[in-house]
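Have a look at the structure below before the remarks.
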């Protein structure tokens, strides 16, 4: 059973850290633009929302109330709210920023990072209001709960270890992203912003279309 849990834990860490969703693109963009500290704060917000969401679903599975997630109205409502939030976040990446260099002879300057609490809040909200994350955790918790005999304590310990490992991987991603920061030109940074913004807006539009317009067909 231990080997099975280790294998399942590794799969969850990979899914959380290398799934190319809104949080992934925003995290890489933040690491490149602002550096390690702001990026790590964003990662903390993302993992914090994962932790709270995971614990909530552990309680729901433990008390046998999983059917709440299968309600068509609940799925549609969460998709609309999540889609709108992702579109709003994505739109900010299309704004024009101060250039990395004022003149060719002047060294690259850093962007002014937002307040630390705002970075944590951004990561928290961006991840929490992505319905795909909810169903990812529902699947993970449901699968693991069977292996752990639906023991709430065992599930909390297991997922705490998994999310601790996830946070370390996220910190590593931010560190590596920050390393390439000084090699970027204004043009490349603009492209990175547009890719991030387009990805977030696309995810948001897909969520709304898939759960609203698709039902009208």
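The table for this structure:
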{"read-out": "The range 52-82 - residue that is buried (at least 18 other Cβ atoms within 10 Å of the Cβ) and at pLDDT 75 or above and, of those, farthest from residue 128 (Cα to Cα)", "value": "61"}
{"read-out": "Those residues of the range 13-31 which are surrounded by fewer than 24 Cβ atoms within 10 Å (Cβ to Cβ) and over 12 Å from the mean Cα position of the chain (by Cα), in sequence order", "value": "13, 14, 29"}
{"read-out": "Selection within the range 139-163 - at pLDDT 80 or above and under 28 Å from residue 90 (Cβ atoms)", "value": "140, 163"}
{"read-out": "Test: residue in the range 171-189 that is within 24 Å of residue 53 (Cα to Cα), modelled with pLDDT of 90 or more and surrounded by fewer than 14 Cβ atoms within 10 Å (Cβ to Cβ)", "value": "yes"}
{"read-out": "Single residue of 140, 127 found to be under 15 Å from residue 12 (Cα atoms) and crowded, with 16+ Cβ neighbours inside 10 Å", "value": "140"}
{"read-out": "Tally, over the range 103-127, of residues that are assigned to a loop (DSSP other than H, G, I, E, B) and at pLDDT 85 or above", "value": "1"}
{"read-out": "Residue list for the range 190-217, restricted to those being over 21 Å from residue 37 (Cα atoms) and modelled with pLDDT under 75", "value": "207, 210, 211, 212, 213, 214, 215, 216, 217"}
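The values are calculated or read from the model by the stated rules, or taken from the named source; none is laboratory data. These numbers come from a predicted model, not from an experiment. Because the Cβ atoms are built from the backbone with ideal geometry, glycine has one as well, and the counts that use them run over all protein chains shown.
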